[in-house]
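The values are calculated or read from the model by the stated rules, or taken from the named source; none is laboratory data. This one's a predicted model, so the numbers in the text were calculated from it and none came from an experiment. Reconstructed Cβ throughout: ideal geometry from the backbone, glycine too, with neighbour counts over all protein chains shown. Surface accessibility is based on the protein's heavy atoms, side chains included, excluding ligands, DNA and RNA. Shrake-Rupley method; radii C 1.70, N 1.55, O 1.52, S 1.80 Å.
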Amino acid sequence: MALYSGEIERHWIEVTRREIALRGLPGAFDGFRIAQLSDIHMDEYTEPFFLRHIVEETNRLGPMRCS
């Protein structure tokens with residue numbers, strides 16, 4: 001169990017996509033993508049390479065206005 005939580009679970013990235021309709025949202029925001037990063041434990045066990053990897057993967061998803 002220690003191996004799983006120490007080496008596998010803490011390097012697991014999950015991407016969940018949701019389309020959300022917000023009544024009254026101005027048309028200028030139509031097509032926007034938002035990225036939320038959660039549960040990043042910044043402690044002595046967080047390797048800088050993994051944090052860089054998370055940011056790169058998030059940017060690759062294109063969280064910005066879609067044309």
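Find, among the chymotrypsin sites (Phe, Trp or Tyr not before Pro) in the stretch 22-67, those assigned to loop by DSSP (not H, G, I, E, B) with at most 16 other beta-carbon atoms within 10 angstrom. List each step's numbers first, then the result.
On the way: sites: F29, F32, Y45, F49, F50; in loops: Y45.
Listed in order of number, the matching sites are Y45.
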E19, E14, ranked by accessible area, largest first (probe 1.4 Å): E19, E14
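Sort I54, I20 by heavy-atom solvent-accessible area, probe 1.4 angstrom, most to least. Walk me through the numbers before you get to the answer.
Working: I54 20, I20 130 Å².
Heavy-atom accessible area, descending, gives I20, I54.
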For L25, what accessible surface area do you get with a 1.4 Å probe? Give it in Å², rounded to 10. 90 Å²
